[in-house]
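Written below as C-alpha cells is the structure these notes are about.
The values are calculated or read from the model by the stated rules, or taken from the named source; none is laboratory data. Owing to the predicted nature of the structure, the values given are computational and were not obtained by experimental measurement. Neighbour counts are summed over all protein chains in view; Cβ atoms, including those assigned to glycine, are modelled from backbone coordinates with ideal geometry.
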Amino acid sequence: MLLIFFLCSLALIARAVNLQVMETDFLQGQGEARFLREVTIPSTRGVISDRNGEPLAVSTPVDSVWVNPGLLLDEPEKIEPLAELLGANADDIERKLTQRASKEFVWLKRRLNPEVTAQIAALDLPGVYLQKEYRRFYPAGEITSHVIGFTNIDDIGQEGLELAYDSWLAGSPGSKRVIRNRKGEAVEEVALIKESQPGQDLHLTIDRRLQYLAYRELKSAVDAHGARSGSVVVLDVNTGEVLAMVNQPSYNPNAPGHDTDGMRNRAVTDVIEPGSVMKPIAIASVLENGIAEPGTPVETSPGYTVISGHTIRDHRNYGLLDVTGVLTKSSNVGVTQLALKLKPEQMWDTYNRFGFGEATGTGFPGESAGVLRNHRRWRQLEQATISYGYGVSATPLQLAQAYAAIANGGKLRQPAFIQGSNNPPIAAIDARIANMVAAMLETVTSDEGTGTRARVANYRIAGKTGTSHKASATGYADSRYISSFAGFGPVSNPQLVCVVVINDPTGDEYYGGLVAAPLFSRVMTGAMRLLNIPPDSYPAMLVSATDSKEQQ
C-alpha cells in the first residue's frame, strides 16, 4: 500500500511539474480564452459640412444588441419581453437563434434608440449584450439628400458624396483586449492593441441656406404644375463651386427606404434634350467663326423652313430679325439658318469646348456625359436640330457649366463640390464673343423676350428659355414637355448661374418662360439677398428721384 501511495505521489508531482513548467503557455492560453476577448473599438466617420461650417452629416454613438444564442435559449421565456422592446416577433427571434445555436455572436438589432437600450439593459437577460456603434445622421434630411447621399448599416457610403469620398470619410477601427465575466460584461481592459482613427472631415461648397431656398421653391413649382420631376443647380460664376443642387422627387437619407427613383441626383445623372437653352452655344459658334454679328439681319418668314423633308417651325412668323433678335424671340428658323452656314466640325468644336459630350469631372457617382455625336456622322437635318437643342443631350449641371463660361468671359471651370478644389479656368471662347452672347441673352428678359418672368427686381438678368418635346418610343410626344431656363446675374458683374429644369409639367402652362422662368426668378431673388450681392439695376422712379435730387 505504501508503494502504491508513493507511486501515486510521484505521478501527481510529475503531472504538476508538466503542467506548471512544460505546458504553461498552452494552459494559460486556454484559460485566457475563457475570459479574455479582443474587442473592436469603433471609429467615427468624418463630418460633412457646408461652406459655412453647418453640419450636413454627423455620426452619433448608439448601442446595438447582440446575443449568445445558447445562453438565451436556455431560458426561452425571456425572449418575449425582449421581442416587445425590439418591436419584433418572439417566435421569429427564437427561430433565428435556434438556427444559429452553435454560434456565440449573433446581431439581433442594430442602432437602437437610447431609451430602448436602457430598457433592455434593465432586463438583465442571459446572453443579451449591448455594443457601442456609430449611426450617421443628416440634419437637413431630404433637402441635401441627393448631394450628400447616405451610408448603410455598416457605415459605408452608398450614394452621393458619402460614396464618392468614402475612403476619406471612413475611419479605421481599433481593437483592445478585455476581461469579461461570466455574463459577458467587460470588467477590465487588459491591453490596447490598436488605436481607432477617426475619419477626415469634408467641407463642401454647398450653402445650406441656398440649398433650402432652392429645395422649397422647386418642390412648390413641381407640385403647382403637376410635374413628374425637376432640378435646380446654382453655381458660383467665378469659382465654379456648386452652391445649391436640388431635385424632386427626393428622399429622407435618415430612412432611405427602397425607392431608387427618388434617390437619383437627376441634376448629374439624367440627361435631357435641352431645347432652346442651347441656342446661345450655336450663336457663339456663329459669331466665333465670323458668319455673322449681333446686328446681322436674318429673315425668318414665313415662320418655317424645310430641311431634308422635315419642317422646322417658329411659334409664329417673326419676319426679319437680327442675330440678337433670334435669341430674343427664340426663333428656331433663324438659328437653323445661321447654324447651317457653319461647317459641322466648327459647330461641334464650339459645343465640345463648352463641355458637352463629356462628363464635368466632378467625380460624382453615376455622372452622365450626355450625348454629342461626332460631327462626321452629322447630316444637315441633325446639324439644324442640334442648333436649337434636339439631337444633343446634357445634364442640368453641364448646362450650368456652359452658362457660367459665358458669364465668366468665356472661361470654363469644372464644377466643384469640395472647398479648395483645383479647377483652373480653361478658355472655351474668346472673351469678346462671350460678352456679346451675354448682352444678347439679356434681351431675353426684356419686354420683347420670352423670359420676362425670369426677371429679378433691381438686378440685370441674362438667360434663355427652353421648351422641348419629350422623346418616346414612337417619336416625340405631342403633349409632353421639358421646360427649362438657364441664366445668370447680375449682368454687370456676373456672380451666380442658375439652371432650372421641370420635367413633364401638366396643365395649360408648359413653356419654359411660363414654368421654369418664374422658379428661376424666385431662386435668384433669394440667392442675391442671402449672399448680399449688390444690385445693378434700379427702378425708374428711384433713378428719377436721384437725378432730381442731384439737379437741386
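Residues in the range 156-170 that are farther than 21 Å from S64 by Cβ and either part of a loop (DSSP other than H, G, I, E, B) or aliphatic (A, V, I, L, M) (or both): E159, L161, L163, A164, Y165.
So, T350, is that one crowded, with 20+ Cβ neighbours inside 10 Å, under 21 Å from Q398 (Cα atoms) and modelled with pLDDT under 95 or not? The answer is no for T350.
Give me a count of the residues in the range 310-324 that are more than 24 Å from T443 (Cα to Cα) and either free of Cβ contacts under 8 Å to residues at least 12 places away in the same chain or touching a strand residue (DSSP E or B) at 6+ places or on another chain (Cβ under 6 Å) (or both).
1
Every listed requirement among (1) among the charged types (D, E, K, R); (2) within 38 Å of the chain's Cα centre (by Cα); (3) surrounded by fewer than 17 Cβ atoms within 10 Å (Cβ to Cβ) is met by D314 save one, (3). A single entry from V271, V242, V232 fulfils the requirement of being in contact with a Gly (Cβ under 7 Å, 6 or more places away or on another chain), of a type in the set (A, V, I, L, M, F, W, C) and in contact (Cβ under 8 Å) with a residue 60 or more places away in the chain: V271. Does any residue of the range 32-45 turn out to be under 41 Å from the mean Cα position of the chain (by Cα), at negative phi, of a type in the set (K, R) and at pLDDT 85 or above? Yes, that holds for at least one residue. Within the option set V178, V187, being at pLDDT below 65, outside any loop (DSSP other than H, G, I, E, B), crowded, with 16+ Cβ neighbours inside 10 Å and more than 35 Å from the chain's Cα centre (by Cα) holds for one residue only, V178.
Among the small types (G, A, S), surrounded by 14 or more Cβ atoms within 10 Å (Cβ to Cβ), farther than 30 Å from N252 by Cα and in contact with a strand residue (DSSP E or B) (Cβ under 7 Å, 6 or more places away or on another chain) - does that describe any residue in the range 65-83? There is no residue in the range 65-83 that is among the small types (G, A, S), surrounded by 14 or more Cβ atoms within 10 Å (Cβ to Cβ), farther than 30 Å from N252 by Cα and in contact with a strand residue (DSSP E or B) (Cβ under 7 Å, 6 or more places away or on another chain). Every condition in (1) crowded, with 24+ Cβ neighbours inside 10 Å; (2) modelled with pLDDT of 95 or more; (3) within 21 Å of A454 (Cβ to Cβ) holds for V268 except the one numbered (3).
Pairs please, first residue from the range 420-443 and under 26 Å from T362 (Cα atoms), second anywhere and of a type in the set (D, E) and outside any helix (DSSP H, G or I), Cβ atoms under 9 Å, 6+ apart in sequence or on different chains. Between residues of the range 420-443 that are under 26 Å from T362 (Cα atoms) and residues that are of a type in the set (D, E) and outside any helix (DSSP H, G or I), the close pairs are S421/E241; N423/E241.
How many residues are within 16 Å of the chain's Cα centre (by Cα) and either on the phi < 0 side of the Ramachandran plot or part of a strand (DSSP E or B) (or both) if we restrict to the range 220-257? Residues meeting the conditions: 22.
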